[in-house]
Amino acid sequence: MYPPRPIVGIGVAVLRPDAVLLVRRGKAPNAGSWSLPGGAQELGETAETAARRELLEEAGLEVGPLLLAANVDSIERDADGRVRYHYTIIDFAARWISGTPIAGSDVTDAVWAPFDQFDQYELWDEARRVIGIARNLLKL
């Protein structure tokens, strides 16, 4: 909380023909909400390496090629207007190859969410936007 500068976050929209992988956050910020798997990039780690690590840690999955899909700025302010959280998120798109998602590390659940059922997951508009871009990139 209250970082001196933005934190680089990484997200991955893993798609199969009928669904996208979603995880339920287990820690702040946004504990309990559904999102794309991802997390903070570590010092000395490339963005792609961070994406693959986070995907493996949070959902137990590995994917093939990653395509740069979008970036998102997630900024939350407190009642006084001070920045409580500021993440600049780099989102990748990847096609699912095999494996069953299993919730790990910072998440409490991992599921395949059908494209026509996003409302039940109360997805953030930016997550929906990134999924749409990923679907176009991967032609799904």
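Ordered by the number of other Cβ atoms lying within 10 Å of each residue's own Cβ, fewest first, ILE133, ILE10, ILE89 fall into the sequence ILE133, ILE89, ILE10.
Report summary: the helix-based calculation at 222 nm, which adds -39500 (n - 2.57) for every DSSP H run with n ≥ 4 and divides by the residues of the chain, gives -6000 deg cm²/dmol. Amide H to amide H, with H built 1.01 Å from N, TRP96 comes under 5 Å of LEU15, ARG16, counting only residues 5 or more places away or on other chains.
Summary of the geometry: the range 95-131 and the range 1-49, compared by the centres of their Cα atoms, lie 11 Å apart. Tell me the angle of helix 125-138 to the major Cα principal axis of the chain, expressed in degrees between 0 and 90 and rounded to the nearest ten. The answer is roughly 40 degrees. Helix 47-59 sits at what angle to the longest principal axis of the chain, using alpha carbons and giving 0 to 90 degrees rounded to 10? So the inclination is approximately 80 degrees.
No lab work stands behind these numbers, since they all come straight from the coordinates. It should be emphasised that the depicted structure is a prediction, and the values quoted were computed from it without experimental measurement. Glycine also receives a Cβ, built like all others from the backbone with ideal geometry; neighbour counts cover every protein chain displayed.
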